[in-house]
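J.: Structure in structure tokens, see below.
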Amino acid sequence: MKAMSKQQLADHAGVTVKTLMTWCRPFSQELAAMGMNPHAKVLPPHIVSFLSEKFCIDV
């Protein structure tokens with residue numbers, strides 16, 4: 001897995017960045033514990049992996 005922008009991950013999911021971040025809300029505490037900055041444009045590989053597994057995104 002590699003780092004990717006929120007826009008790239010949203011594109012893979014077929015949604016907007018706003019929708020992707022809405023999907024992330026229920027996991028906000030878990031993502032914060034993993035070191036995700038909600039204002040960051042680029043997501044680290046472990047966050048991309050976590051989100052792609054949670055939302056069944058093929059990256």
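J.: Per DSSP H run of at least 4 residues, take -39500 (n - 2.57); add these up for the chain, divide by its residues and hand me the 222 nm value, nearest 500 deg cm²/dmol.
T.: The helix contribution divided over the chain gives -14500 deg cm²/dmol.
J.: In whole Hz, with x marking every Gly and Pro, tabulate ³J(HN,Hα) for segment 3-17 from phi via Karplus 6.51 cos²θ - 1.76 cosθ + 1.60, θ = phi - 60°.
T.: 5, 7, 6, 4, 5, 4, 5, 4, 4, 4, 7, x, 10, 7, 4
J.: Tell me which residues come under 5 Å, amide H to amide H, from Ser5 once H is placed; ignore anything under 5 positions away on its chain.
T.: Result for Ser5 returns Leu43.
J.: Shifting gears a bit: Please give the per residue volume of the convex hull enclosing the alpha carbon atoms of the chain, rounded to a whole number of Å³.
T.: Looking at the chain, the number lands at 68 Å³ per residue.
J.: Work through the residues other than Lys54 whose Cβ is under 14 Å from its Cβ and net out their charges, Lys, Arg +1 and Asp, Glu -1.
T.: -2
J.: Percent relative contact order of the chain, based on C-alpha pairs within less than 8 angstrom and at least six residues apart?
T.: Averaging sequence separation for qualifying contacts and normalising by length gives 53 percent for the chain.
J.: Shifting gears a bit: What accessible surface, in Å², does a 1.4 Å probe find on Lys2, ignoring ligands, DNA and RNA and rounding to the nearest 10?
T.: The accessible area of Lys2 comes to roughly 140 Å².
J.: At Asn37 and Trp23, where each label point lies 7 Å from the Cα along Cα→Cβ, what is the point-to-point distance in nanometres?
T.: Here the answer is 2.4 nm between the modelled labels.
J.: Now, a different point. Quick one: what are the phi-derived ³J(HN,Hα) couplings along segment 41-57, Karplus 6.51/-1.76/1.60 with θ = phi - 60°, whole Hz, x for glycine and proline?
T.: 8, 10, 9, x, x, 5, 6, 4, 4, 4, 5, 5, 6, 4, 10, 6, 9
The values are calculated or read from the model by the stated rules, or taken from the named source; none is laboratory data. Because the structure is predicted, anything quoted here is derived from the model rather than measured. As a convention, Cβ positions derive from the backbone with ideal geometry for all residues, glycine included, and neighbour counts pool all protein chains shown. Accessible surface areas use protein heavy atoms only, side chains included; no ligands, DNA or RNA. Shrake-Rupley method; radii C 1.70, N 1.55, O 1.52, S 1.80 Å.
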